[in-house]
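Chemist: Before we start, here is the structure in question, set down as structure tokens.
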Amino acid sequence: MTIKQQIYEYLEKETRFRERRNKDRGIVNLLVMKYPVLREISKDILVEVVRDYNSMDRYWRMVLDKERPDWRGSDYGTKDIVEQTKELELGYESGYKGNQKKLKTL
């Protein structure tokens with residue numbers, strides 16, 4: 001099961017997870033289900049870890065995208081290539097997502 005499917009099913013089953021204020025705790029619940037060893041750590045601490053991770057990730061993106069693009073790693077510009085390769089692997093034509101966006105605007 002993909003992460004998207006897990007999120008979808010948990011949102012369907014657990015209505016409290018639909019509230020923004022419960023997002024981090026819901027993510028912790030999913031992580032504990034996936035990694036049972038996390039049961040040894042209190043959920044409150046895990047929620048704080050998830051919040052810190054989200055904040056650190058946002059700042060990481062902000063610094064590399066806006067403040068210091070010269071610090072980007074050598075793999076930074078490969079997203080389009082990776083996406084197109086996966087699209088072709090899945091049987092879509094290259095640029096499928098872009099074509100869909102254009103169609104919506106017509």
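Please treat every number below as a calculation from the coordinates, not as lab data. Values in this document were obtained by computation on a predicted structure and should not be read as measured data. Cβ atoms come from the backbone with ideal geometry, glycine included; neighbour counts cover every protein chain shown.
Chemist: Across segment 37-65, what is the number of residues that are farther than 19 Å from residue 23 by Cβ and under 20 Å from the mean Cα position of the chain (by Cα)?
Modeler: Total satisfying the criteria: 5.
Chemist: Something else now. Any idea which of 9, 48, 83, 87 is touching a residue at least 12 places away in the same chain (Cβ under 8 Å) and assigned to a helix (DSSP H, G or I)? Talk me through it step by step, then tell me what you get.
Modeler: On the way: 9 fails: touching a residue at least 12 places away in the same chain (Cβ under 8 Å); 48 fails: touching a residue at least 12 places away in the same chain (Cβ under 8 Å); 87 fails: touching a residue at least 12 places away in the same chain (Cβ under 8 Å).
Answer to the check: 83.
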